[in-house]
Amino acid sequence: MRILLVSTYELGHQPIHLASPAAALSDDGHEVLCIDLSIEEADFTILDDVDVIAFSVPMHTAMRLAITTASRIKEVRPNIPIAFYGLYADVGRERTLGTIADAIFCGEYEPSLRSWVSSLSGALPSPSVAIHLGKSDFALPRRDLLPGLTEYARLEHEGEALLVGAVEASHGCRHRCRHCPIPAVYDGRLRVLGEDLVLADIAQLVAAGAEHITFADADFLNAPAYSMSLLRRSHEQFPELTYDITVKVEHIVNHRDLWEEMASLNVLFVISAFESVDDWTLEILDKGHTVSDMIEAAKVLRGVGIYLRPTWLPFLPWTTPTEIAELFHFLDESDLAGAIDPVQLSIRVLIPEGSLLVDHPAIKPYLSHFDAEALTWVWEFEDADSARLQKELDRIASEASDCKEDAADTLAAMRSVVSEVSGVDLGPQPPIGTVPRLSESWFCCAEPTVGQATAVGGISFGRTP
């Protein structure tokens with residue numbers, strides 16, 4: 001059978017969620033084609049030569065763009081079997097299942113996807129949903145079926161732009177942060193892929209030119225012994241390779257004994273979801289840390305020479321302009337302004353279907369309705385000035401991104417608006433240092449930008465049939 005696997009967006013990385021199932025389906029004897037619509041344009045004529053199409057939807061942006069693309073494909077070939085697989089596959093199933101999607105696979109999706117494809121030799125089965133959370137065996141990802149690393153995000157550091165490879169050492173997460181989509185599916189479960197497999201994947205990325213590896217796990221220290229062993233072995237095999245990892249604040253603080261060794265193993269920077277400078281908000285989000293912990297985490301990493309890149313979720317329904325001013329004060333006092341992408345300071349919390357936030361008493365009064373088109377709950381700000389501030393910061397960030405404006409200039413413009421709306425004198429912007437970063441600056445739980453929606457949702461598969 002000839003199978004087309006489609007990715008619409010995977011955070012600027014070469015899509016592992018195409019490469020991994022491609023390997024599994026190839027092992028089953030199928031011919032597999034892969035298309036990454038975030039950078040490739042495919043002609044509609046390819047649809048004449050495939051028997052099955054499956055869309056990878058590991059995040060909200062990917063799902064929205066996949067729905068648009070799959071809808072257009074169904075117009076052209078209404079009888080072709082289409083599946084959605086990945087973390088967001090079950091979001092909006094009332095809209096997709098039985099109309100544009102014939103099957104939905106969540107969690108550890110590969111066994112279900114493989115079984116479904118094998119069942120298609122006869123009549124198309126009834127529309128179905130499968131959520132598999134058991135342990136699975138994985139094959140070495142087929143990265144040879146994907147565009148080269150030169151097409152994806154680079155590591156920008158010390159005046160250089162280095163090729164980056166992204167791997168996953170685990171799926172799921174042991175934690176249940178309420179705004180995160182992972183607990184809604186995995187419910188605190190963690191599944192490791194195995195050291196040998198991940199090391200083999202790193203090796204083929206290095207052979208393809210990668211000089212830096214992103215561990216795309218939800219939290220690299222969910223299983224510290226496993227992760228440290230993997231990192232040691234990788235460093236032994238590729239001593240010049242650098243890494244970035246994602247780690248919760250509480251793990252940075254509680255595993256402080258590991259960071260000096262991590263620095264020696266070439267961990268260059270750590271992404272950590274700080275989210276807010278309000279302890280009450282952090283408690284609602286069930287982050288497991290406080291603002292004091294954030295300050296300590298920054299101190300721990302700075303002490304061993306590892307860069308910190310905190311991520312933020314500044315706008316929730318009760319957020320006030322004064323709280324946004326406090327966030328700017330925090331960035332000044334912690335010397336972290338240069339470590340963030342300006343777009344983060346404009347992000348509204350996204351509440352998709354199934355989110356653990358939906359039933360929280362702090363959120364419920366602000367929810368209006370579920371927008372099936374946007375796949376998210378609509379909510380309103382308590383403070384009209386906060387709504388105005390968020391829109392203005394979003395405008396500044398979007399325009400700066402389009403013009404490739406320097407981040408320091410963008411932050412200065414945002415700072416001025418925050419001062420004006422909040423009435424808090426933030427003073428002049430302190431000097432902003434340079435911190436290593438990846439050239440892709442969007443985030444998994446944010447809605448698609450206008451540019452993404454135009455580039456993918458508007459031209460899916462290249463030309464109109």
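The values are calculated or read from the model by the stated rules, or taken from the named source; none is laboratory data. Note that the coordinates shown come from a computational prediction; the quantities given were computed from them, not determined experimentally. Note that we place each Cβ from the backbone using ideal geometry, even for glycine, and neighbour counts take in every protein chain shown. In case anyone asks, the SASA skips ligands and DNA or RNA and just uses the protein heavy atoms, side chains included. Shrake-Rupley method; radii C 1.70, N 1.55, O 1.52, S 1.80 Å.
Below are the figures for this structure:
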read-out: Selection of GluC sites (Glu not before Pro), segment 153-215, meeting DSSP coil and at most 13 other Cβ within 10 Å; value: E158
read-out: Segment 53-139 - accessible surface per residue (Å², probe 1.4 Å); value: 36 Å²
read-out: Positive-end residue of H251, P183, H171, charge dipole of segment 152-264 with Cβ unit charges; value: P183
read-out: Unit charges on C-beta of K, R, D, E only; dipole of segment 252-352, Debye; value: 280 debye
read-out: Square roots of five times the Cα gyration tensor eigenvalues for segment 62-164, Å; value: 31, 18, 14
read-out: DSSP bridge orientation in the chain - percent antiparallel, rounded to nearest 5; value: 25 percent
read-out: 20 °C / 1.002 mPa s Stokes-Einstein diffusion coefficient of segment 1-95, Kirkwood radius on C-alpha pairs, µm²/s; value: 160 µm²/s
read-out: Estimated dipole of the chain in Debye, rounded to 20 [Cβ of Lys and Arg +1, of Asp and Glu -1, Cα centre]; value: 1000 debye
read-out: Signed unit charges on C-beta, dipole axis of the chain, positive-most listed residue L316, A384, A413; value: L316
read-out: Accessible carbon and sulfur surface of segment 183-294 relative to its total accessible area, %, 1.4 Å; value: 47 percent
read-out: Mean separation of Cα contacts under 8 Å, 6 or more apart, over the residue count of the chain: relative contact order %; value: 16 percent
read-out: Accessible area of segment 79-161 belonging to carbon and sulfur atoms, whole % at 1.4 Å probe; value: 47 percent
read-out: Taking segment 134-281 and dividing mean pair separation by its residue count, relative contact order in percent (alpha carbons under 8 Å, at least six apart); value: 20 percent
read-out: Descending Cα extents along the principal axes, segment 273-353, whole Å; value: 39, 24, 24
read-out: Structure-based [θ]222 nm, the chain - -39500 (n - 2.57) summed over DSSP H runs of at least 4, per residue, nearest 500; value: -10000 deg cm²/dmol
read-out: Segment 2-149 - percent relative contact order, Cα under 8 Å, separation 6 or more; value: 28 percent
read-out: Percent carbon-and-sulfur accessible area, segment 1-43, ignoring ligands, DNA and RNA, probe 1.4 Å; value: 41 percent
read-out: Three-way shape label, segment 235-319, alpha-carbon gyration tensor, a/c 1.5; value: prolate
read-out: Angstrom value of the Kirkwood radius, inverse mean 1/r, which spans all Cα pairs in the chain; value: 23.0 Å
read-out: Cβ charges +1 (Lys, Arg) and -1 (Asp, Glu), total dipole of segment 297-412, debye; value: 400 debye
read-out: Unit charges at the beta carbon, dipole of the chain: most positive-side option, F274, V206, F370; value: F370
read-out: At least 15 Å along the helix axis (C-alpha) and Kyte average at least 1.0, DSSP helices within the chain; value: 195-207
read-out: Antiparallel %, DSSP beta bridges [both residues in segment 82-177], to 5; value: 30 percent
read-out: Per residue accessible area in Å² of segment 289-398, where ligands, DNA and RNA are left out and the probe is 1.4 Å; value: 40 Å²
